[in-house]
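Colleague: What follows is a single structure, and I will ask about it in a moment.
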Amino acid sequence: MNPSSGRSPVSRRGLLAGATGVGLGGAVSLSGVAAAPAAASPLLLPRPDRSGAPRVAGLHLQFGRDASREVVVSWHTTASVSDPRVVYGTAHGGFGRTEQASTSTYRDGASGTEVQVHHARLTGLSADTDYVYAAVHDGAAPELGTVRTAPRGRAAPFTFTSFGDQGTPTLGKRTAGGFVNDNLGSPAAGDTTAGVERIAPLFHLVNGDLCYANLATDRVRTWSDWFENNSRSARHRPWMPAAGNHENERGNGPIGYGAYQAYFDLPASGGDDELRGLWYAFTAGAVRVISLNNDDVAYQDGGDSYVHGYSGGSQQRWLERELAAADADPEIDWIVVCMHQVVISTADRFNGADLGIRETWVPLFDKYGVDLVVCGHEHHYERSHPIRGQQPTDTRTPIPVATDTGTVDTTRGTVHMVIGGGGTSAPSNGLFFDPAKARVITGVGAADPATGKRPPVYVIEDAPWSAFRDADHPYGFAAFEVDPGRRGGRTTIAVTYYAVSGPYGDLVPVDRFTLTRPRGARGGGHRP
């Protein structure tokens, strides 16, 4: 893989240098007020005053529904601020425009701390273009970042990456023996971020269980630690999340996702406000990415509260509309689904695959020709053969339609990838069945009076769908190089799963394969 395939030809250092200069026609200060025309001179960042304003913390990006035209810049504080805003411009033109930020708040149900998250939506951007920006509010030093918008249609190749189940590398809880990490994190949670930055993708998909704040003594600190670890990447490329079971935090909003919904300003899906951001979609090039919240349909009781069925079917109806529209769109080649809980897993004594997802999502994936599903939840790496249809078993065992592990024609079936080695302290790569089998959750029992949790009911099945699994490496991520191909030919996604080790994100390629399909030939809902 070319490590710079997702990055613009302009270096990040060059982008920031361009941002601090001005053209001959004048200058714009970070306050957004135009200065008098002057000869070329450096644009100086203002010195923060001594008013005690909180700093710009946790700077991160999200794409809008059209990743070629819209980016959201976000940061958070635990105190009110004045005039939160983003100044931005092109790499060579400097900061020439200002966008005011709106503020979302939530009050943590455990500590009572109110967190304010400031979101500035930058619209009308040019496709496949480098931008520079600074996030600032009165009294704070501006925080700089860069972002590249997605190409439009099939104009150019790009790379994206994916992992789930990260946690934080920080020690946040004091005990009699010193500090410990109490949110299922490990030092590898920092290594994987460094690894992603070695690839420098256009965007990164986070497949749920971001920071495990629901397990932490200090949930607000844990979210802050997660953003502090990842802002070194997320301020330069959108980290697009899917909500996992550990984003469900007791007392945070009507369903438990109030913190997640405040920290991210994700593309609208037209649902009720209390469901905002729990599922969404965006387009980058000819790739349509659809993010789902599986707790709505999964049987497993894995969060702070059991919310199975919480959307009343609205997510299911939205998903079918979204898939039908993407499949019928002549400008879309690839449909990629990002979600947390899994359809496939060959790990024993861990979470297992979930029948609820097989019953609800998989028939829609088959009907509308989803190419790729990326998940987390199981803390290892494995992938399936392309699957289409289900055996008439109690577990609805997926049916593999091909067994070539090097090149996969996704018009025949969907490839599922479990990429759950983002950094958690509880890897599952040492728990594989040998030979491959699967534990499938087919329901839950009555709630335990002591814990309130509903125990899972498991059925063991054979795993003819299993294509590859990595027993040797606990941590890593996948990179996807999208090549739009030529008119009348085929488009491809070259996939590499990298194991990650060490604080500098050293990468070892473990699994390589290629997804392929005819360019401009989606099926419109008609499958072989």
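Colleague: Past the 21 angstrom mark, what percentage of all C-alpha to C-alpha distances in the range 275-387 do you count?
Modeller: On the way: 2252 of 6328 pairs.
Roughly 36 percent, once rounded to a whole number.
Colleague: On the protein heavy atoms, probe 1.4 angstrom, tell me the percent of accessible surface of the range 55-175 carried by carbon and sulfur. Show your work: numbers first, answer last.
Modeller: On the way: 1760 of 4030 Å².
Looking at the range 55-175 in its full context, I get 44 percent from C and S.
Colleague: Going 7 Å from the Cα of LEU364 toward and past its Cβ, which residues in the range 376-390 have a backbone nitrogen under 19 Å from where you end up?
Modeller: Only 376, 387-390 fall inside the zone, counting backbone N under 19 Å.
Colleague: Moving on to the next point. Once label points are set 7 Å from the Cα along Cα→Cβ at both GLN390 and THR113, what is their separation, rounded to one decimal in nm?
Modeller: Distance between the two pseudo-spin positions: 4.2 nm.
Colleague: Please express the Cα-Cα pair-distance distribution P(r) of the range 155-227 as a list of whole percents, one per 10 Å bin, running from 0 to the bin with the greatest distance.
Modeller: Reading the bins upward from 0: 20, 44, 24, 9, 2, 0.
Colleague: Right, here's the next one. Using the 2.2 N^0.38 Å rule of thumb for compact globular proteins, work out how the range 369-528 stacks up: its C-alpha Rg over that value, please. Intermediate results must be reported in sequence, preceding the final value.
Modeller: Values: Rg = 18.0 Å, N = 160, 2.2 N^0.38 = 15.1 Å.
In units of the 2.2 N^0.38 Å rule of thumb, it is 1.19.
Colleague: Mind checking the per residue accessible area of the range 344-428 for me, 1.4 Å probe, whole number of Å²? Before the final figure, lay out the partial values.
Modeller: Working: 2170 Å² over 85 residues.
Counting only protein heavy atoms, the per-residue value for the range 344-428 is 26 Å².
Colleague: Report the relative contact order of the chain, percent, no decimals, based on alpha-carbon pairs under 8 angstrom and at least 6 residues apart.
Modeller: Values: 1487 pairs, mean separation 75.1, N = 528.
Reported relative contact order: 14 percent.
Colleague: Roughly how many debye, to the nearest 20, is the charge dipole of the chain about its Cα centre, given +1 on each Lys and Arg Cβ, -1 on each Asp and Glu Cβ, and no other charges?
Modeller: Working: 48 positive and 55 negative charges, 263 e Å.
Computed about the Cα centre, the dipole is about 1260 debye.
Colleague: Kindly give the semi-axes, whole Å and largest first, of the ellipsoid equivalent to the range 56-139, taking each as the square root of 5 times a Cα gyration tensor eigenvalue.
Modeller: On the way: eigenvalues 139, 41, 15 Å².
Its equivalent ellipsoid spans semi-axes of 26, 14, 9 Å.
Colleague: Rank by packing, highest mean first: peptides 493-503, 472-482, with packing defined as the count of other Cβ atoms within 10 Å averaged across residues.
Modeller: Details: 493-503: 20.3, 472-482: 23.6.
Highest mean packing first, the order is 472-482, 493-503.
Colleague: Counting only heavy atoms of the protein chains, get the accessible area per residue of the range 238-302 (1.4 Å probe) and round it to a whole Å² value. It would help to have the intermediate numbers written out before the result.
Modeller: Numbers: 1450 Å² over 65 residues.
Computed with neighbouring chains in place, this is 22 Å² per residue.
Colleague: For ALA155, enumerate residues with amide H under 5 Å from its amide H, sequence gap 5+ or separate chain, H modeled in the peptide plane.
Modeller: Amide H neighbours of ALA155: none.
Colleague: Here's a follow-up. So, with +1 on the Cβ of K and R and -1 on the Cβ of D and E, and no other charges, what is the size of the charge dipole of the range 182-269 about its Cα centre, to the nearest 20 debye?
Modeller: Working: 7 positive and 10 negative charges, 41 e Å.
Around 200 debye, computed over the range 182-269.
Colleague: If the cut-off is a Cα-Cα distance under 30 Å, which lysines reach LYS367, setting aside same-chain residues fewer than 8 apart in sequence?
Modeller: LYS437
Colleague: If we restrict to alpha carbons, what Rg and Dmax does the range 382-450 come to, in Å?
Modeller: Cα-based Rg and Dmax for the range 382-450 come out at 15.8, 50 Å.
Colleague: Here is a follow-up. If contacts are Cα pairs under 8 angstrom and at least 6 residues apart, what is the relative contact order of the range 190-336 in percent?
Modeller: On the way: 197 pairs, mean separation 29.6, N = 147.
It rounds to 20 percent for the range 190-336.
Colleague: Suppose R0 equals 41 Å; then what is the FRET efficiency for ASP128 and ASP404 from their Cβ-Cβ distance, rounded to the nearest 0.05? Don't jump to the answer; show the numbers that get you there.
Modeller: Numbers: r = 33 Å, r/R0 = 0.81.
Using R0 = 41 Å, I get an efficiency of 0.80.
Colleague: While we're looking at this one, here's another question. Determine the calculated [θ] at 222 nm for the chain from helices alone, applying -39500 (n - 2.57) to every DSSP H run no shorter than 4 residues and normalising by the residue count; nearest 500 deg cm²/dmol. Walk me through the numbers on the way to the answer.
Modeller: Numbers: 7 runs with 69 residues, N = 528.
Rounded to the nearest 500, it is -4000 deg cm²/dmol.
Colleague: What percentages, rounded to whole numbers, describe P(r) for the range 245-286 computed over all alpha carbon pairs with 10 Å bin width beginning at zero?
Modeller: Per 10 Å bin, starting at 0, the Cα pair percentages come out as 29, 50, 17, 5.
Colleague: Could you tell me the distance between the Cα centroids of the range 437-500 and the range 83-118, to the nearest Å?
Modeller: Using only Cα atoms to place each centre, the spacing works out to 35 Å.
Colleague: Just the Kirkwood number for the range 471-513, please: inverse of mean 1/r across all distinct Cα pairs, in Å, one decimal.
Modeller: One over the average 1/r among Cα pairs gives 11.9 Å for the range 471-513.
Colleague: With each label point set 7 Å from Cα along the Cα-Cβ vector, what nm distance links ALA156 and ASP434?
Modeller: In this crude spin-label approximation the distance works out to 4.7 nm.
Colleague: Bin by bin, in steps of 10 Å, what percent of the Cα pairs in the chain do you find, going until the bin that has the longest distance?
Modeller: Histogram of Cα-Cα distances, whole percents per bin: 4, 19, 30, 27, 14, 5, 1, 0.
Colleague: Then there is this: Expressed in whole Å with the largest first, what are the equivalent ellipsoid semi-axes of the range 427-489 derived from the C-alpha gyration tensor as the square root of 5 times each eigenvalue? Write down the numbers at each step before the final one.
Modeller: Working: eigenvalues 257, 60, 49 Å².
Gyration-tensor ellipsoid for the range 427-489: 36, 17, 16 Å.
Colleague: Starting from the Cα gyration tensor of the range 37-189, take the square roots of the eigenvalues, sort them a ≥ b ≥ c, and report rounded, prolate or oblate (rounded when a/c is under 1.5, otherwise prolate if a/b is larger than b/c, else oblate). Display every interim value, and only then the final one.
Modeller: Values: a/c = 2.08, a/b = 1.33, b/c = 1.56.
It comes out oblate by the Cα gyration axes.
Colleague: Give the carbon-plus-sulfur fraction of the accessible surface of the range 299-421 in %, rounded to a whole number; probe 1.4 Å, heavy atoms of protein chains only.
Modeller: Working: 1720 of 3490 Å².
Reported share for carbon and sulfur atoms: 49 percent.
Colleague: Which trypsin sites (Lys or Arg not before Pro) from the range 308-381 combine a DSSP loop assignment with at most 12 other Cβ atoms within 10 Å?
Modeller: Taking the range 308-381 and a limit of 12 other Cβ atoms within 10 Å, the loop trypsin sites (Lys or Arg not before Pro) found are ARG349.
The values are calculated or read from the model by the stated rules, or taken from the named source; none is laboratory data. As the structure is a computational prediction, the values presented were derived from the model and not from experiment. No Cβ is skipped: glycine too gets one built from the backbone with ideal geometry, and neighbour counts run over all protein chains shown. Just so you know, the surface numbers come from the protein's heavy atoms only, side chains and all, with ligands and any DNA or RNA stripped out. Shrake-Rupley method; radii C 1.70, N 1.55, O 1.52, S 1.80 Å.
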